[in-house]
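A short write-up of the structure that comes next.
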């Protein structure tokens, strides 16, 4: 950490509540946890239990668990898994929705020093088989609903069920996390010789998801960079519908360990249930992906008025591009509490837009936070002038070291490529123009579909839109727009083209316009353009 940033870091930690006076005995317990486990996620769970033993850690459809209950249950699960062959360095897949089983499995595997591979709950059987085989997984912790996917040929030595559809009916054919928690020892296991790792899968919007491994600790600088720009506070209640198997959801769980936050979890996203959870728990934080806020806004003012959401102070977003108009619509309806984080599984977070940034320019990705460097480079690796477009490169403590299957992202002077192109405006705010690999050349002109998507998203008749490049015999490539219309809308192809023609250059007008009922998305809300 740069010594010049120490005053800012201390001020940030103080504002978040991490430096406030605490019970000396509980602080001693947290220190013991850190000494036992080292700076890992396992220490985070143990320290939170020592500092806030009776504070609620999570609430899901089965009720609430305190931090001490999570600590004891995860210790017992770790002992039970170890007895069944899970050792330091063992590769274990987890395919869990947002519920206590995800949290308990994460804590237990961290205590064993295992490699935890977080699997996408949207996987089909062949994808699950491919990823488990590629990563070398010997065990799988999964919700009961996903067990049929194993019939496709996935071979692991151990299967543990993390969530039973009906907990009153016990399964005789599969071991459960509940059984391990009930039968095991509550005392912590011995620390592993080296910390475990986590493997987050890329979104796989254009191909097979890749594994991006990370150590289970990223240093104080990474946490401070997030807290400096997004004002999380210790002890708050967080409604977390964003998938925890993704880096955005998991990152918020990790920060919550340090802050001792309480999480409200549901296995499936439902927009009205989110509002109900915020109101019922007086939640201060709602962690989401952009499409979730779209669904909440689509409920309309009458439904919004049924729930008191005035407690919401921070609504951080990430996981996919924020559609044009969404930021303004949300803040007009729910207050200036929106924070938009831009980054990737490989580089971590790159920039964060505050409510002030989004009011000034709703399309911005914001500015780099503390301890983060973002540069825009041309094809030769040279930095482009302010206002010019360039490839986005990022440097921080969060960069990964390469994919588990081999290969990685381009690195220039210690900075890693995000795979996107963007520009900085005169205020130092980043604007992401699109993926490098999505840019098309139409009649000799470079075109980024993202610009057309943002323009069409502003139309009242458009619920959502995706624009892609397709082959064209005359121009090489052309744009195709796939549009979801609002119910009852009379919007037609000519009107879509006319709107683009009135605002952008003629070569950016989509020659193909297709209407559909919904866009294909993965669980993190990203549009699966390969399916279009």
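I need the helices (runs of 4 or more DSSP H) fully contained in region 254-339, keeping only those with at least 1 residues that are under 30 Å from residue 214 (Cβ atoms).
It comes to 271-281, 290-298, 326-334.
Out of 142, 129, 116, 106, I need the residue that is assigned to a helix (DSSP H, G or I), within 25 Å of the chain's Cα centre (by Cα), in the same structural domain as residue 202 (by TED's automatic domain parsing) and buried (at least 24 other Cβ atoms within 10 Å of the Cβ). Which one?
Working: 142 fails: assigned to a helix (DSSP H, G or I); 129 fails: buried (at least 24 other Cβ atoms within 10 Å of the Cβ); 116 fails: assigned to a helix (DSSP H, G or I).
Only one candidate qualifies: 106.
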| message | Condition first: crowded, with 19+ Cβ neighbours inside 10 Å, in contact (Cβ under 8 Å) with a residue 24 or more places away in the chain and closer than 11 Å to residue 469 by Cβ. Now tell me which residues in region 429-443 satisfy that. | response | 438, 440, 442
| said: Name the residue that is surrounded by the most Cβ atoms within 10 Å (Cβ to Cβ), counting only residues in region 497-532 that are more than 22 Å from the chain's Cα centre (by Cα) and in a strand (DSSP E or B). | reply: 513
| said: So in region 408-428, with the set limited to residues that are touching a residue at least 60 places away in the same chain (Cβ under 8 Å) and over 22 Å from the mean Cα position of the chain (by Cα), which one is surrounded by the fewest Cβ atoms within 10 Å (Cβ to Cβ)? | reply: 427
| If we scan region 345-356, do we find a residue that is out of contact with any strand residue (DSSP E or B) (no Cβ under 6 Å at 6 or more places or on another chain), part of a strand (DSSP E or B) and modelled with pLDDT under 95? | yes
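Could you list, in sequence order, the residues of region 145-170 that are part of a loop (DSSP other than H, G, I, E, B), at pLDDT 90 or above and either surrounded by fewer than 17 Cβ atoms within 10 Å (Cβ to Cβ) or in contact with a strand residue (DSSP E or B) (Cβ under 6 Å, 6 or more places away or on another chain) (or both)? Write out each step before concluding.
Start the filter on region 145-170 by keeping residues that are part of a loop (DSSP other than H, G, I, E, B), which leaves 153-157, 164-170.
In the following step, the residues that additionally are at pLDDT 90 or above were identified as 156-157, 164.
The answer is 156, 157.
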| Failed item, numbered, when residue 178 is tested on (1) closer than 22 Å to residue 89 by Cβ; (2) at pLDDT 90 or above | (1)
| field | region 483-518, residues that are under 18 Å from residue 529 (Cα atoms) and in contact with a helix residue (DSSP H, G or I) (Cβ under 9 Å, 6 or more places away or on another chain) | value | 483, 510, 511, 512, 513, 514, 515
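The values are calculated or read from the model by the stated rules, or taken from the named source; none is laboratory data. None of the values given here were measured: they were computed from a predicted structure. So basically every Cβ, Gly included, is an ideal-geometry build from the backbone, and we count neighbours across all protein chains shown.
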